[in-house]
Amino acid sequence: MNDNDSTSSRKLDHVRIVMDEDVAAKGIYTGFAAYRMPHDAVPELDLAAIDTSTALLGKPMRAPLLISSMTGGAFDVARINLALAEAAQALGLAMGVGSQRSAIRDQRLAYTYQVRQVAPSIPLLANLGAVQLNYGYGVDECRRAVEMIEADALILHLNVLQEAVQPEGNTNFKGLLQKIELVCRDVGVPVIAKEVGNGISAQAARRLIEAGVWGIDIAGAGGTSWSEVERFRHSTGQGARVAGAFAGWGIPTTEAIRTVRAALPNILVIGSGGIRSGVDIAKAIAAGAVGYFQKPVDIDRLLSAIANALF
Ligand SMILES: Cc1cc2nc3c(=O)[nH]c(=O)nc-3n(C[C@H](O)[C@H](O)[C@H](O)COP(=O)(O)O)c2cc1C
């Protein structure tokens, strides 16, 4: 099996594992349940007049919602990206594709990420792992990822814990900030730094912004745990036990949103990780995630569109 085959089979493993296994974080919570929105019995407003529309990267959106980067890179998952993109286009949302590393290696896989034909006007985000900048990737590869899908911005994901417990993980994280700075300077589109479910602290966010990153997706803890996902990919009991020890690791979503927003009042903060309902979304925005919420999003319609797209 060459490296590209193994990247594709990892993508399929990930989709299968998140659908079939319990990969939720354990003993750590997003924190949304601990917050109550203030109830106002006399709001003096007309619900029908409320407008959730906003804009990202110069493109209009009907609600401040992003379908997080998830997949691509294998024949069987191409239809997931297409279905998600159709839903995003129909509902006026933004979308990210999963890590494009496999298609950088093998251009024949590019089509598994290409969704512009069904989503011509959404904000669309390319995706690569920041750690790859220590494994032969540079500005050229980042530019290719953006061009491959006609993206409006590039997400560099920071998945330190996942790489550390992954059987075939890339674990040299030294000197990355300097390389991220070069990408931000030369890639030609805004760069967003994103975790994958363990959260970004105020200090880490500040260093990333100083390096030239435009926005932060805090992807906090309490939802999907990527050490739990990797636990299911280990063939040895020892590897699985090490991964399992981190099921409660990270910065809860609400804490990450609050602290990053307090430290950096004027940047784009995407509040994700364990978002389960429209009420969670409202609380994320109240805690400091980007945008404003003036009319409830029809979350049932949104979820059923995504469910229909997926299954
Ligand atoms: C099947 C699957 C694949 C994912 N692949 C990527 C990826 O390639 N790049 C990335 O930045 N995040 C990836 N993620 C992480 C999500 O974008 C998100 O940050 C994470 O799952 C935490 O959010 P959640 O608790 O709502 O699931 C993936 C998530 C899932 C479920």
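No value in this document is a laboratory result; all are computed from the given coordinates. If you're wondering where the values come from, they're calculated on a predicted model, not measured in any experiment. Here Cβ is always computed from backbone atoms with ideal geometry, including for glycine, and neighbour counts include all displayed protein chains.
Cβ crowding within 10 Å, taken as a proxy for footprinting-reagent exposure, orders F75, F232 from fewest neighbours to most as F75, F232. Summary value for the stretch 61-166: 26 percent relative contact order, contacts being C-alpha pairs under 8 angstrom separated by 6+ residues.
The chymotrypsin sites (Phe, Trp or Tyr not before Pro) of the stretch 92-185 that DSSP puts in a loop, and whose beta carbon has at most 12 other beta carbons within 10 Å, are Y135.
Determine the relative contact order of the chain: mean sequence separation of Cα pairs under 8 Å and six or more apart, normalised by residue count, in whole percent.
On the way: 613 pairs, mean separation 61.5, N = 311.
This gives 20 percent for the chain.
Quick one: compute the contact order of the stretch 1-122, relative version, from alpha carbon pairs under 8 angstrom and 6+ residues apart, as a percent. Reported as a whole number, the value is 26 percent. Centroid-to-centroid, using Cα positions, the stretch 242-272 and the stretch 1-59 are 13 Å apart. In the stretch 108-205, inverting the average of 1/r over every pair of distinct C-alpha atoms gives 14.3 Å as the Kirkwood radius. In the chain, the longest principal axis of the Cα atoms and the axis of helix 3-20 are about 40 degrees apart. Under 14 Å from the Cβ of A245, count the other residues' Cβ atoms, weight Lys and Arg +1, Asp and Glu -1, and hand me the total. Summing Lys/Arg as +1 and Asp/Glu as -1 gives +1.
Mean-square fluctuations from a GNM of the chain, with a 10 angstrom spring cutoff on Cα atoms, peak among N159, N127, N198 at N159.
Annotation: the antiparallel percentage among DSSP beta bridges lying fully within the chain is about 15. GNM remark for the chain: springs join alpha carbons under 10 Å apart, and the peak mean-square fluctuation among R79, R241, R143 falls on R241. You can think of it this way: the chain between S53 and A245 has 64.9 nm of extra reach, that is 0.36 nm per residue less the Cα-Cα gap.
Relative to the longest principal axis of the Cα atoms of the chain, the long axis of helix 139-149 lies at roughly 60 degrees. A Cα-only calculation for the chain places Rg and Dmax at 18.7, 64 Å.
Computed from Cα positions, the angle between helix 253-263 and the longest principal axis of the chain comes to roughly 80 degrees.
For the chain, a crude dipole built from +1 on the beta carbon of Lys and Arg and -1 on the beta carbon of Asp and Glu, taken about the Cα centre, is about 360 debye to the nearest 20.
Springs join every pair of Cα atoms under 10 Å in this Gaussian network model of the chain, and among S225, S272, S235 the largest mean-square fluctuation is at S235.
Taking 18 Å as the straight-line reach from the Cα of K283, the lysines in range (excluding those fewer than 8 positions away in the same chain) are K295. Among D20, D13, the ranking by other beta carbons within 10 Å of each residue's beta carbon, starting with the fewest, stands as D20, D13. Positive contributions from Lys and Arg (+1) and negative ones from Asp and Glu (-1), summed over other residues with Cβ under 15 Å from the Cβ of R144, come out at -2. Rounded to the nearest 500, the helix-only mean residue ellipticity at 222 nm of the chain stands at -11500 deg cm²/dmol, with each DSSP H run of n ≥ 4 adding -39,500 (n - 2.57).
Sorting C184, C142 on the 10 Å Cβ count, fewest up front, what's the list?
The most exposed by this proxy come first: C184, C142.
Taking Rh as the Kirkwood radius computed over C-alpha pairs, what is the Stokes-Einstein D of the stretch 1-155 at 20 °C in a medium of viscosity 1.002 mPa s, expressed in µm² per second?
122
Note on K194: lysines with a C-alpha under 18 Å away, same-chain residues under 8 apart excluded, are K174, K179.
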